[in-house]
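Everything below concerns the one structure shown next.
The values are calculated or read from the model by the stated rules, or taken from the named source; none is laboratory data. These numbers were taken from a predicted model, which means no experiment stands behind them. All Cβ positions, glycine included, derive from the backbone under ideal geometry; neighbour counts span all protein chains shown.
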Amino acid sequence: MQVIWNNLIKLGKVNAAGKPCSVILEWEDNWFDVVSFELDQLKPDIVMFFSGPYYDEYINRILPGSSFHPVNERPTRQLARIDAPGLRSRAMRTYHPNYLYRAGFREYLADIVGAIDL
């Protein structure tokens with residue numbers, strides 16, 4: 001089984017925090033579409049996006065037509081299954097690990113593993 005833990009935005013941040021400026025994001029969309037390339041070439045069974053719900057727009061930029069669905073009793077903003085046209089992998093999105101450690105990492109990990117449905 002192959003798993004990718006993936007960063008949605010590959011280039012830079014503003015002042016070492018947050019998202020890069022729109023020029024960098026646009027450049028990455030048009031000329032540096034690494035996430036799509038990784039998914040196509042590595043063909044993982046599972047893709048985990050540890051990005052939180054505020055980055056769902058970036059998942060949609062990479063995987064147009066993405067939809068987010070519950071995997072258990074947690075709200076989809078906390079843990080979601082991602083469906084997207086052409087996506088051959090099982091994909092999920094949850095919070096960044098820094099948040100997960102503060103919010104109960106073991107409980108989230110158990111929910112994620114339970115949602116994988118091997």
*Number of the condition not met by Y101 [criteria: (1) touching a helix residue (DSSP H, G or I) at 6+ places or on another chain (Cβ under 9 Å); (2) within 25 Å of G114 (Cβ to Cβ)]*: (1)
*So how many residues does the stretch 69-116 have that are in contact (Cβ under 8 Å) with a residue 60 or more places away in the chain and basic (K, R)?*
0
_Please verify whether S51 is at pLDDT 90 or above and at negative phi, treating the condition exactly as stated._
no
*Filter the stretch 36-57 for residues that are in contact with a Phe, Trp or Tyr (Cβ under 9 Å, 6 or more places away or on another chain) and of a type outside the set (D, E, K, R) and give the result.*
V47, M48, F49, F50, S51, G52, P53, Y55
*Residue by residue through the stretch 27-51, note down the ones that are surrounded by 15 or more Cβ atoms within 10 Å (Cβ to Cβ), under 14 Å from V3 (Cα atoms) and of a type in the set (S, T, N, Q).*
none
*Within the set of pairs 6 or more residues apart or between chains, which connect a residue that is within 21 Å of I112 (Cα to Cα) inside the stretch 44-66 to a residue that is among the aromatic types (F, W, Y) and part of a loop (DSSP other than H, G, I, E, B) with Cβ atoms less than 6 Å apart?*
G52/Y95
*How many of the residues in the stretch 62-104 are more than 20 Å from P44 (Cβ to Cβ) and among the hydroxyl-bearing types (S, T, Y)?*
4
*Residues being part of a helix (DSSP H, G or I) and either of a type in the set (K, R) or under 16 Å from M92 (Cβ atoms) (or both) - total across the stretch 39-53*: 2
*Those residues that are more than 22 Å from L25 (Cα to Cα), touching a strand residue (DSSP E or B) at 6+ places or on another chain (Cβ under 6 Å) and part of a strand (DSSP E or B), I need them from the stretch 54-81; list them, please.*
F68, H69, L79, A80, R81
